[in-house]
1. Roughly how much accessible area, to the nearest 100 Å², goes out of reach of solvent when A and B pair up, both sides summed, probe 1.4 Å?
2. Just name one of A:Cys364, A:Ser162, B:Ile36: the one whose Cα is farthest towards the positive end of the charge dipole of the protein assembly as shown (beta-carbon charges, Lys/Arg +1, Asp/Glu -1).
3. Along the principal axes of its C-alpha atoms, what lengths does region A:378-517 span, in descending order and rounded to whole Å?
4. What is the magnitude of the charge dipole of region A:277-515 about its Cα centre, with +1 placed on the Cβ of each Lys and Arg, -1 on the Cβ of each Asp and Glu, and no other charges, expressed in debye to the nearest 20?
5. Quick one: angle between helix B:25-43 and the longest Cα principal axis of chain B, in degrees between 0 and 90, rounded to 10, please.
6. Relative to 2.2 N^0.38 Å, what does the C-alpha radius of gyration of region B:21-74 come to as a ratio? Two decimals please.
7. Taking all protein chains as present, what is the carbon and sulfur share of the accessible area of the protein assembly as shown, in % to the nearest whole number, probe 1.4 Å?
8. Give the percent of DSSP beta bridges with both residues in region A:277-515 that are antiparallel, rounded to the nearest 5.
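The values are calculated or read from the model by the stated rules, or taken from the named source; none is laboratory data. Only a predicted model underlies this, so the values are computations on that prediction, with no experimental measurement involved. Cβ sites come from the backbone with ideal geometry, for glycine too, and all protein chains shown count toward neighbours. Ligands, DNA and RNA are stripped out before the accessible areas are found, and what is left, the full protein with its side chains, is counted by its heavy atoms. Shrake-Rupley method; radii C 1.70, N 1.55, O 1.52, S 1.80 Å.
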Amino acid sequence: MNSAAVEETVSVSGATPPRDHSCEYVLEVVNVSKSFPGVLALDDVQLKIRPGTVHALMGENGAGKSTLMKVIAGIYQPDSGEVKLRGETITLETPLKAQQSGIAMIHQELLLMNQMTVAENIWIRREPKNAFGFIDHSEMHKMTEDLFDRLNIHLDPDAEISTLSVANRQMVEIAKAVSFNSDVLIMDEPTSAITETEVAHLFEIIRGLRKQGIGIVYITHKMSELFEIADEFSVFRDGKYIGTHASANVTRDEIIHMMVGRNVDQMFPKEEVELGEVLLSVKNLTLEGVFNDVSFDVRAGEILGFAGLVGSGRSNVAEAIFGVTPADSGTVWIEGEEVHIKNPNDAIMKGMAFLTEDRKETGCFLSLDIQENIQSAVLHENFVNGGGFVDQAKLNIESEELCRKLRVKTPDMEEAIENLSGGNQQKVLIGRWLLTHPRILILDEPTRGIDVGAKAEIHTLVTQLAHKGVAVIMISSELPEVLGMSDRVLVMHEGRVTGILDRSEADQVSVMKLAAQ
Amino acid sequence: MSTVDNTMKEANDGQEVCKKKRIPAEVSILLVLVGISIMFEILGWIFVGQSFLMNMSRLQIIILQVSVIGIIAIGVTMIIITGGIDLSSGSVVAMSAMIAATFAQSSSWPKVISPSLTDLPFVIPLAVGLAVGAAAGFVNGWLVTKTRIPPFIATLGMMVSARGVARWYTDGSPVSGFTNEFAMLGNALDRWMPVVIFIVVAIIFHVVMRYTRFGKFTYAIGANPQAARVSGINIDRHLIKVYAIAGLLVGLAAMVAIARIKTAQAGMGLMYELDAIAAAVIGGVSLSGGRGRIAGTVIGALILGVMLSGFTFLRIDAYYQDIIKGAIIVTAVIIDQQRQNKRKKTT
């Protein structure tokens, strides 16, 4: 075993330690199985990572990717099979052992101590000491700077984590992982919450790490990233290993086929719908310092896509219309009548529905069951009688029928929502809003972080709703989704609407031009 | 791609519909209650030579003791479900009791506090007691929602101040000599009145929490306030309602308590807030909010009552009683924590 990686290397200021390139694979997972009560999460799977490559891990939610990564990172112990590092079998009883052996994992939900500084987070447990045995802060500062120089990261080592953006926190995590001189770096959907510019910077850093001979395992749901950054990829489905291929010689459709196990013929089932009256009209909406002078119309049956970089104000406009954070000035009209929406309740009463961007933060009631989650927005109207009693029987029938229609995979309606996969949670949340029978539906990132199969189902559903005359606003960071689904595309840049394109004139280039100015 | 095709099987499209039997958490708490009772029964025959359960007056005392704490615990349960806490209930019991008691005195009593307020119909002191409790709860709710200070601090402030009001109101002297009519609140129905009130309150709030919009909003706010807001729930207004209703119940508990013991003292209700919280926690109400039921709290309160009575019955020293009680509360939370972890891991 590489002894340099085992001991806790404090000094990284020198050159990168020489890496042993004699092994064909830096990390090998051989015939690993892992089961939880009632579930076989990993069924005899394998994975081989070459040094100096980026290896993407693809699969639907629940395919076993995360479980496998947790086995590699020492969080779970496999029931059978083995993990080999540089050709030698190792046992990883704890995450610490994995880390010391040279396997570092960057979790999707970043695990940093928010009230401590960047340097303190990176060197925790390995702080440099002075002659008296106290922590040498200036040395720690210097070590952090050296590390950042090597990685081309520009951050103040003494900044408190809580003041940093998500992307910058991720940089800190990466730097921390690199500071262990890791041979294997696992990244779990690192781009799910950062902007396009930040993604570019991240990829630059990943390429740098690859050059240093580190094997990078990269979990992602985004097909475009696979082609951009990955050298090889492995596909998992239902806890089984499906195959490993070089990313240069496969097509998108082939990968989807491997992931889903069937053909998803049409990614975007867009259908032409006869447009009706203008249902929602927004005029000169402004929220100081966030967005300015936003105006647009949406017709019945129309899907209006919102494109723009993260931080361009797309979601803020939606929140303002729905009354989550009301705008300072400007007007909103529904069916030609001016409305004053001060809170979400007003919006719901006017026939609006709003699927929020962050499923966990503002969507799910994690401690409650499916039934309670799906019914939370309809307790205002038809289902409540004079005494405040809820017509539970009627409501349960409707919600159960809806879940069946949405194909929510669950044993029953009393299952806790936290036990569902991301895609199924999203379907329940969409169900919550369909139960209100909205005329205007705002979807903010409706398919973020969910698998291909569920994505297609949600797209079909949106198309059906448009057919029924619902006006849909769809905000998405995935340009193909916006282009594929929308009748018109509204593009925002730094809080302003920079253009509204018709379906015929909207393509990657024209939208990006408006989005990046 | 051939390897892929070989290993590929048609995705199973049919949804699995296997209905799991769900056992509500209350059943296991009920089993604990039964187990503890049986344990005392057996220990009783061994060490004291008599039955613990087959003693009507003992059972009545247990349930009477539980009633006052139980009424408070029902309100506290609702607050905890919203993700809050109420430390003020014990002090508010004293404050409501002292103020209401001065409206409940009989003119035949030698030490009347305010002579102009004697011999009033019982609804007046009752209404005063409920109003004082509700007002304290309203202030708690207002502080929590409008100033955004944590419920712990808001109700800690109320806990200290309400006790002060209770002492100041009569300069510390106790108030007794209630009208017969008022005393009925605690003694009617062959002294079962407090129990009847407790059961009625428990049933009402069980129904409210399960079958009304009010209940659903309460759970939603505790589970995820931001999602609740987007679902169109007016959080501030609802929270103020919850705190005020919990305060009202504290006022009711205070009335039942003074009617039963026929006197109000500024020092009464000490540590009631902690007993009420303990009852809820033992009953499976999650301190992180969004989870818990009134039925659980009622059983939790009964467990506390049975323990207390059982220890006295076995002539265990009061010091040991407190030590064991503390351990039980902590154990209940540990078990609850593990139950929650298990819930998460099953998938």
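1. Working: alone 22800 and 18280 Å², together 37120 Å².
Its buried surface, counting both partners, is about 4000 Å².
2. B:Ile36
3. 54, 33, 28
4. Using only the charged Cβ atoms, the result is roughly 340 debye.
5. 60 degrees
6. Working: Rg = 14.0 Å, N = 54, 2.2 N^0.38 = 10.0 Å.
Normalised by 2.2 N^0.38 Å, the Cα Rg of region B:21-74 equals 1.40.
7. On the way: 20910 of 37120 Å².
So the carbon and sulfur contribution to the accessible surface is 56 percent.
8. So the antiparallel bridges amount to about 55 percent of the total.
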